[in-house]
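Working notes, beginning with the structure itself.
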Amino acid sequence: MSTRARQDAGPSAVKGTGGGTLPGPSPWRSPLACPGGAARRRLMSTTAGGLEMRRLIPVLLIGAIALSGCGGSGSSEPSISAFKASFEAQKPPLKELGEAVGSAVTGAASKTNGELVSEFKALATRATALAGAFGQLEAPAKYKAELAALQSSLTQVAGTLNSIEAAAAANDGNAAKAGGETIVTEGQQVKSADEKLSAALGIKE
């Protein structure tokens with residue numbers, strides 16, 4: 001090929017020693033495929049920035065979660081006034097239950113076993129429901145111990161009432177008598193826990 005012909009062929013094809021042609025640089029090649037100095041620096045800077053951002057995102061998320069947790073814990077404390085109102089609403093049924101249990105125990109001798117089974121079963125159900133109602137109250141931290149003591153005493157009363165019911169069903173007079181004596185002691189514990197919490201909240205009996 002003449003010098004003129006080789007110049008006309010341009011940079012797109014170069015004659016090889018074996019007679020073939022070697023491809024020259026393609027006009028469609030992206031500079032990122034084989035970046036030069038400036039392009040390489042831009043690429044490295046962009047890549048480094050992406051890696052840095054990927055490291056930073058988890059840190060920011062953890063910080064956001066920690067801040068939201070701190071804010072939530074400070075606002076979750078129930079108000080004293082709301083707890084007092086909720087507690088006062090449960091006092092009438094508590095008093096009614098105590099009176100009903102007292103009447104059932106003192107009048108047990110005049111009733112049949114079948115009547116005792118029905119009566120003490122119903123009382124046990126009421127005591128269990130009331131213990132659950134007290135357990136649902138949201139108390140400020142300084143009243144939680146007193147509330148837990150009241151709920152625990154009521155739960156014990158419910159268990160003893162179930163025992164008396166079972167004794168009556170089995171015609172076991174000794175077990176029924178023991179249950180009656182126990183319920184008196186437990187009733188006093190309920191009364192004491194109620195009075196203690198009421199006094200702490202400024203509720204007059």
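Per-structure values
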| item | result |
| --- | --- |
| Estimated FRET transfer efficiency (Gln188, Ser81; beta-carbon r; R0 25 Å; 0.05) | 0.25 |
| 3J(HN,Hα) from dihedral phi, the range 125-136, Karplus parametrisation 6.51/-1.76/1.60, rounded to Hz, x for glycine, proline | 5, 5, 5, 5, 5, 5, 4, x, 5, 5, x, 7 |
| 21 Å Cα-Cα reach of Lys142 towards lysines, excluding residues that sit fewer than 8 places from it in its own chain | Lys84, Lys91, Lys191, Lys196, Lys204 |
| Estimated vicinal HN-Hα couplings, Hz - the range 106-116 in sequence order (Karplus 6.51, -1.76, 1.60; Gly, Pro = x) | 5, x, 5, 5, 8, 10, 7, 4, x, 5, 5 |
| For Phe120, Phe134, Phe83, order by how many other beta-carbon atoms lie within 10 Å, fewest first | Phe83, Phe134, Phe120 |
| Neighbour-count order for Val105, Val184, Val190, Val157, fewest beta carbons within 10 angstrom listed first | Val184, Val105, Val190, Val157 |
| For the range 197-205, Karplus couplings with θ = phi - 60° (6.51, -1.76, 1.60), whole Hz, Gly/Pro x | 5, 4, 5, 5, 8, x, 9, 8, 7 |
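The numbers here are math on the coordinates, done by the rules we state, and not lab data. Just so you know, these numbers come straight off a predicted model, no measurement behind them. We place every Cβ from the backbone using ideal geometry, glycine too, and count neighbours over all the protein chains shown.
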